[in-house]
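Okay, structure first, notes after.
Derivation of every value follows stated rules applied to the coordinates shown; laboratory data play no part. Because the structure is a prediction, the values reported are computed rather than measured. Here the Cβ positions follow ideal geometry from the backbone for every residue, glycine too, while neighbour counts run over all protein chains shown.
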Amino acid sequence: MNLRFLLVTVLALFLTGCSRQAASRSESSQTIPSQIEFALSTICQITLYDWGEPRIYQDIFSRIKEIESRMSLYLEGSELDQINRAAGIEAVRVSADLFEVIERAVHYAELSGGAFDPTVGPLVTLWDIGGDNPRVPTQEEIDAVLPLVNWRNIELNRENQTVFLTQPGMALDLGAIAKGYAGDEAAAIIKKARVPQAIVNLGGNTLAVGEKLDGTPWRVGIQNPLEGRGAYIGIVQTDEISIVTSGLYERYYVADDGTHYHHLILPSSGYPAQSGLLAVSILTDISMDADALSTAVFVLGFDEGRALVESLDGVEAIFVLEDRTVRLTDGINFTLTDDHFTLVID
């Protein structure tokens, strides 16, 4: 994935972009305002401003890559790969962090009625959207793997810290939640290091950490799903928060007949979800939750998705619909800046 796949543009934060030039707090202390590395199949940018000591960046990116090494669907030998290879055979003992993420994924699968389902691995592999060989599978191929997609067939044993996929051929894909967990872990390292303000952007999963020193809110631009990267439809003003966006523009495949297929699969049909949404952004304190919810709400569509969000404490959402209306849950300070869209207040 390259830079055009970043989902959310952080605005008016005095970010240094790709700069690695030094900024000094004192004559004897060198800092790096912002650092970028490729991990989790995306571009990860951490901005620590004048507190960007190299050791803090090293700790953050080491932790992100450790999470990737355990939770990637595509890394042979990862813990997730071991679970998938043992499907229908035996339970696999896993690390505490992977168990926590899978347990949370099952929670959101149940909460969303299966709109979010971590067992979509066979469908993700079949379509390979965003991979090296994307294609439109046949109906027969989809029908063959659909019975394998069922989050209820995940058996978790907290005491033994094991995971068992009960049916041969099942496969977990944590791509819609692991990046959020990595963002939370990055934020925890930043806070432990007593960095007062920072921005974590993991391929568009954005966390504003701490408070801006001038006392003003963070300003985060919400990507225009119909335009190229850097174009935004409006600005959210917020305190410390995680904002995660899912949209049909993130990863997609255009077939020979010109049909556009995005990567957000409806688990019950095996095809990209047609929910009436172009994108949805979830705002909440925990990035792992925002990550899972953004996928679930996009698949559910506006009415069911908003009902889900409004049933949860401390969660807000911005919906961008196919008719170019933008709708909000209560509690968001959002300013529409693109007159090609219309803000509808229900």
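On alpha carbon coordinates alone, what is the Rg over Rh value for region 255-337, Rh being the Kirkwood radius? Ratio value, two decimals: 1.00. Summarising the amide proton neighbourhood of ASN333: residues at separation of 5 or more, or on other chains, whose placed amide H is nearer than 5 Å comprise GLN237. For the pair PHE38 and ASP313 in one chain, pulling the backbone fully straight at 0.36 nm per residue adds 95.6 nm over the alpha carbon distance. Taking other Cβ atoms within 10 Å as a rough exposure proxy, SER112, SER78 sort from fewest to most as SER78, SER112. Dividing the C-alpha radius of gyration of region 184-289 by 2.2 N^0.38 Å, with N its residue count, gives 1.28. Between GLU110 and ARG55, full extension at 0.36 nm per residue minus the direct alpha carbon distance yields a gain of 15.8 nm. Once backbone amide H atoms are built at 1.01 Å from N, ILE241 has ALA208 as its partners under 5 Å, excluding neighbours fewer than 5 places away on the same chain.
Dividing the mean sequence gap of close Cα pairs (under 8 Å, 6+ apart) by how many residues the chain holds gives a relative contact order of 17 percent. Panel order for THR42, THR295, THR329, by other beta carbons found within 10 Å of each beta carbon, from fewest to most: THR329, THR42, THR295.
Checking every one of the GluC sites (Glu not before Pro) in region 110-163 against DSSP loop status and a limit of 12 other Cβ atoms within 10 Å picks out GLU159. In the chain, helical runs assigned H by DSSP with n ≥ 4 each contribute -39500 (n - 2.57); averaged across all residues and rounded to the nearest 500, the mean residue ellipticity at 222 nm is -8500 deg cm²/dmol. Averaging the sequence gap over all C-alpha pairs within less than 8 Å and six or more residues apart, then dividing by the number of residues, gives region 199-320 a relative contact order of 21 percent. In this structure, GLU159 and ASN333 have a Cβ-Cβ separation that, at R0 = 41 Å, corresponds to a calculated FRET efficiency of about 0.40.
For the chain, the average shadow cast by the Cα convex hull is 17.9 nm², which is a quarter of the hull's surface.
Residues whose amide H falls under 5 Å from that of GLY230, counting only those 5 or more places apart or on a different chain, are absent, with hydrogens built in the peptide plane. In terms of Cα atoms, the Rg and Dmax of region 21-164 work out to 19.7, 67 Å.
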